[in-house]
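The values are calculated or read from the model by the stated rules, or taken from the named source; none is laboratory data. Predicted model only: the values in this text are computed from it and were never measured. With ideal geometry, Cβ positions are generated from the backbone for all residues, glycine too; neighbour counts draw on all protein chains shown.
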Amino acid sequence: MEFQEQTITIKTKLGDKSITAMVGISSGLAYHRLDGAYDADFSLTHVASGYGIASQWHADTPEEAQRWLEKVAKMLNWTSQIAEIKTAAKKKGGDAGMKHLVTEALEECWEEMPEPIEDGVPVNWPQEPLSITTIRE
């Protein structure tokens, strides 16, 4: 999936807020830092409505957020009208069922992500030889 930086409007407790987000092209979803804060974790939002999806769960990195969005995008047609999305979500267990599926998708992303390289040594060393690339990372 391709992503494009765009300004979207999200719903917050204090009202609508415009933030910069990475929108999954043709997905109807975007990922962004929580409330647009520079050092916050990443959350998913339904672009048309501005509502967060599984807002109690967050990705740690942009790579995790992209993978998460790609998995969630396959669950429903998020580009549909909100009434159609709600009808489709009911078939998957309603709000509780969707939250479970979205959370499960994030957990899958965590399992799929490679372990971070510490001190320039690849996690599968010595099978993966040291190189200037692994040392710089």
- Those residues of the range 34-61 that are outside any strand (DSSP E or B), of a type in the set (S, T, N, Q) and under 11 Å from the mean Cα position of the chain (by Cα) come to a total of 2
- Message: Show the residue pairs meeting these rules: Cβ distance below 8 Å; 6+ apart or different chains; first residue within the range 1-14 and of a type outside the set (D, E); second residue outside any loop (DSSP other than H, G, I, E, B) and surrounded by fewer than 10 Cβ atoms within 10 Å (Cβ to Cβ).
- Response: T9/D16; I10/D16
- What residue, among those in the range 35-51 that are surrounded by fewer than 18 Cβ atoms within 10 Å (Cβ to Cβ) and more than 23 Å from M113 (Cα to Cα), is modelled with the lowest pLDDT? G36
- Among the residues of the range 1-33, count how many are in a loop (DSSP other than H, G, I, E, B) and out of contact with any Asp or Glu (no Cβ under 9 Å at 6 or more places or on another chain). 4
- Task: Working only within the range 45-87, note down all residues that are out of contact with any strand residue (DSSP E or B) (no Cβ under 6 Å at 6 or more places or on another chain) and on the phi > 0 side of the Ramachandran plot.
- Result: A54
- Query: I82: among the aliphatic types (A, V, I, L, M) and modelled with pLDDT of 95 or more, yes or no?
  - Reply: no
